[in-house]
Amino acid sequence: MKLKFGTVEEDVVTREEFPLEKAREVLKDEVIAVLGYGVQGPGQALNLKDNGFNVIVGQRKNSKTWDKAVADGWVPGETLFELEEACEKGTILQFLLSDAGQIALWPTVKKHLSPGKALYFSHGFGVTYNDQTGIVPPEDVDVILVAPKGSGTSLRRMFVEGRGLNSSFAIYQDATGKARERVIALGIGVGSGYLFETDFYREVTSDLTGERGTLMGAIQGIFAAQYEVLRENGHSPSEAFNETVEELTQSLMPLVAENGMDWMYANCSTTAQRGALDWWKPFRDASKPVFEQLYKSVKDGKEAAKSIESNSKADYREKLEEELSELRDSEMWKAGATVRKLRPENN
Ligand SMILES: NC(=O)c1ccc[n+]([C@@H]2O[C@H](COP(=O)([O-])OP(=O)(O)OC[C@H]3O[C@@H](n4cnc5c(N)ncnc54)[C@H](O)[C@@H]3O)[C@@H](O)[C@H]2O)c1
Ligand SMILES: CC(C)(O)[C@@H](O)C(=O)O
Ligand SMILES: [Mg+2]
Ligand SMILES: [Mg+2]
């Protein structure tokens, strides 16, 4: 359906115009092989299974995630296989290994992409940066994308709650003439609330910008800056944490999600209103050059190169652990752990 987003009209696909029954009909003869069982793998595979599709999972044996797949109800030899066996059995290969892991498995996946199969991604990364990844799909397969706009954890959680996370979808290559109905059916099948169309390049550039920017990188930076200023001026950890993070996630963001920031500005004290109206533009002006730098780094392929380089190292998990512990052991997130325990619903 066509909808106005501000003054711009866009086409979105909802469950109303493409119901689950239609998705099941489109994919009734397909074997959907979900390759990788990290964060997106479980969310998408379990939602597809619960929605009545024919799904198998491919995962390395003797790994923690193989055990997790078994614990989630996938049966070795029936619905759970080694990666190569799943590639062979699947007619739609959902490539849900980490973006760096996809490079290593690509020769195996390519070998099993016989004509008419579909290669499905949840990120435009591998194909867009194929000068770095080597992922160049054969011409006689469909190449499609459904990218849930959120964590695989939320995709599953919201599905179980009867809600739906939004996803973008894209078609890179339509070899069978059925790529569009296949990709929309898969988007509905994995539990998307609605789908909006993009292309692989736009998906990866917006996604890399978002997660490095307001979704995670920028927000953590802003949290840290405000928390430090409050602490340096004699405020206690609990006061600094509450005024920086807890109030945002517990009180204001749910209201912003429901009604928008415009409503939030109209429904706080006149004192807060005056200050927030005065200060949002200086914050925008201070951070916009950093966002411009970030977007350029994404566009130039530098972010992809850094990510491939660091995530392909044999000891990447140990190195990552060190960097993550800096966050985990920071006073701000230690204070956060205590504050979370104090929430009455957690007692
Ligand atoms: N994490 C998310 O919530 C999220 C959201 C939207 C899109 N995506 C995209 O979905 C895809 C999957 O992401 P993810 O976060 O679920 O992946 P992940 O980082 O959790 O890894 C998934 C699986 O890949 C396996 N793996 C890694 N390297 C491997 C190798 N060399 N050989 C075999 N297996 C290997 C791991 O064992 C793991 O089970 C990526 O393209 C990502 O950008 C992820
Ligand atoms: C969940 C995110 C941050 O949206 C995703 O893009 C990811 O890469 O994990
Ligand atoms: Mg991402
Ligand atoms: Mg994302």
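The table that follows gives values for the structure above.
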{"quantity": "Check on Gly116, among the small types (Gly, Ala, Ser), over 25 Å from the mean Cα position of the chain (by Cα) and either at pLDDT below 95 or more than 16 Å from ligand 2 (Cβ to nearest atom) (or both)", "calculated": "yes"}
{"quantity": "So Ser206, is it touching a strand residue (DSSP E or B) at 6+ places or on another chain (Cβ under 9 Å) and either open to solvent by less than 40 Å² (accessible area, probe 1.4 Å) or modelled with pLDDT of 95 or more (or both)", "calculated": "yes"}
{"quantity": "Residue that is least open to solvent (accessible area, probe 1.4 Å), among those in the stretch 100-141 that are closer than 17 Å to Gly301 by Cα and more than 16 Å from ligand 1 (Cβ to nearest atom)", "calculated": "Val136"}
{"quantity": "Which listed residue, of Leu46, Leu93, is within 19 Å of Leu113 (Cα to Cα), under 20 Å from the mean Cα position of the chain (by Cα) and surrounded by 14 or more Cβ atoms within 10 Å (Cβ to Cβ)", "calculated": "Leu93"}
{"quantity": "Extreme residue, surrounded by the most Cβ atoms within 10 Å (Cβ to Cβ), among residues of the stretch 49-73 that are within 13 Å of ligand 1 (Cβ to nearest atom) and either hydrophobic (A, V, I, L, M, F, W, C) or free of Cβ contacts under 8 Å to residues at least 12 places away in the same chain (or both)", "calculated": "Val57"}
{"quantity": "Considering residues of the stretch 209-241 that are in contact with a Lys or Arg (Cβ under 8 Å, 6 or more places away or on another chain) and more than 16 Å from ligand 3 (Cβ to nearest atom) only, the residue most open to solvent (accessible area, probe 1.4 Å)", "calculated": "Pro237"}
{"quantity": "Condition check for Ile184: among the hydrophobic types (A, V, I, L, M, F, W, C) and either open to solvent by 40 Å² or more (accessible area, probe 1.4 Å) or in contact with a strand residue (DSSP E or B) (Cβ under 6 Å, 6 or more places away or on another chain) (or both)", "calculated": "yes"}
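The values are calculated or read from the model by the stated rules, or taken from the named source; none is laboratory data. Predicted model only: the values in this text are computed from it and were never measured. Heads up, the Cβs are rebuilt from the backbone with ideal geometry, glycines too, and the neighbour counts pull from every protein chain shown. Accessible surface areas use protein heavy atoms only, side chains included; no ligands, DNA or RNA. Shrake-Rupley method; radii C 1.70, N 1.55, O 1.52, S 1.80 Å.
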